[in-house]
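The structure under discussion appears below in the form of structure tokens.
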Amino acid sequence: MSPDATAASRRGKLIVISGPSGTGKTSICNALLERLPNAEWSVSATTRPRRGNETNGAAYSFISREEFGRRREGGEFLEWAEYLGELYGTPLAAVTDAVQAGHHVIMEIEVQGGKQVADRMPESIRIFVLPPDMESLQARLAGRKTESAEHQARRLAAADGEIAFARDCGAYHFFVTNDGLQETVAEVMEIIEREINGA
Ligand code: 5GP
């Protein structure tokens with residue numbers, strides 16, 4: 001193997017998980033973090049208000065719009081998007097450092113961001129999680145105690161557009177339907193292992 005090929009084979013993979021709010025993406029990502037050796041979470045920056053159960057710097061860094069704009073102008077994001085009026089972005093340096101150190105990076109991002117990652121880092125693995133049907137999505141969103149009914153309704157309304165965009169944009173090669181967490185995690189693990197092993 002050439003030195004370049006050896007370095008490439010030691011590099012970690014970027015794993016993008018997308019899907020409408022309420023499809024169980026976060027539970028899937030948490031399970032992947034436990035099961036996949038050498039995996040780490042990409043901590044996004046966002047302008048959305050912190051929910052009561054969230055710690056700054058864990059799932060997200062919570063920053064102001066001014067700070068977000070400054071980082072965006074400075075080219076600090078691998079991708080960024082506006083979702084329901086709030087800004088979300090993935091810090092580029094953290095991702096490239098981790099991948100170069102041989103870690104797999106799990107990014108839970110929405111579809112505009114997924115498309116940008118597909119364009120900038122085509123070697124990434126991009127998986128879109130579908131709900132079994134819209135009724136179960138509605139039920140899951142309604143079960144969340146962390147958001148207002150109005151926020152839940154806006155997220156549900158966005159779901160159709162996100163699914164249509166994911167199907168049309170060509171960024172996602174894998175679509176999995178989450179009709180049971182265990183089975184879905186197994187399916188996603190299988191995809192990732194196959195891609196990592198270059199099969
Ligand atoms: P939430 O407010 O529920 O945490 O996230 C709203 C949406 O933003 C979800 O679809 C989530 O996956 C997405 N998201 C979270 N972080 C990022 C990011 O860094 N970039 C992009 N493009 N989307 C993100």
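The values are calculated or read from the model by the stated rules, or taken from the named source; none is laboratory data. Note that the coordinates shown come from a computational prediction; the quantities given were computed from them, not determined experimentally. Here the Cβ is made from the backbone with ideal geometry for all residues, glycine too, and neighbour counts use every protein chain on show. When the accessible area is computed, the model is the full protein with side chains, heavy atoms only, and any ligands, DNA or RNA have been set aside. Shrake-Rupley method; radii C 1.70, N 1.55, O 1.52, S 1.80 Å.
Observations
- Debye intensity ratio in log₁₀ form over the Cα atoms of the range 45-199, taken at each q of 0.19 Å⁻¹: -1.53
- Relative contact order (%) - the chain, alpha-carbon pairs under 8 angstrom, separation at least six: 31 percent
- Seen from L32, the other residues with C-beta closer than 15 Å to its C-beta sum to a net charge of -3, counting Lys and Arg as +1 and Asp and Glu as -1.
- Helix-only [θ]222 nm of the chain, DSSP H runs n ≥ 4, -39500 (n - 2.57) each, per residue, nearest 500: -14500 deg cm²/dmol
- Looking at the chain, the DSSP beta bridges with both ends there are about 30 percent antiparallel.
- Summed side-chain charge close to F165 - residues other than F165 whose Cβ falls under 11 Å, Lys, Arg +1, Asp, Glu -1: -2
- Each other residue within a Cβ distance under 13 Å of G102 adds +1 if Lys or Arg and -1 if Asp or Glu, for a net charge of +1.
- Sequence-ordered 3J(HN,Hα) estimates for the range 153-159 from the Karplus curve with 6.51, -1.76 and 1.60 and θ = phi - 60° stand at 5, 5, 5, 5, 5, 6, 4 Hz, glycine and proline given as x.
- Net lengthening on full extension, N53/R120 (0.36 nm per residue, minus Cα-Cα): 20.8 nm
- Amide hydrogen proximity for L78: with H placed 1.01 Å from N in the peptide plane, the residues at 5 or more positions away or on another chain lying under 5 Å are T90, L92.
- Residues with amide H under 5 Å from that of L130, placed H, sequence gap 5 or more: V176, T177, N178
- Carbon and sulfur %, accessible surface of the range 3-196 computed with the full protein complex present, 1.4 Å: 49 percent
- Fully extending the segment from D133 to E66 would add 20.3 nm, taking 0.36 nm per residue of separation and subtracting the current Cα-Cα distance.
- Taking θ as phi - 60° and the Karplus parameters 6.51, -1.76 and 1.60, the scalar couplings of the range 80-91 work out to 7, 7, 9, 10, 6, x, 10, 9, 9, x, 9, x Hz in sequence order, x denoting glycine and proline.
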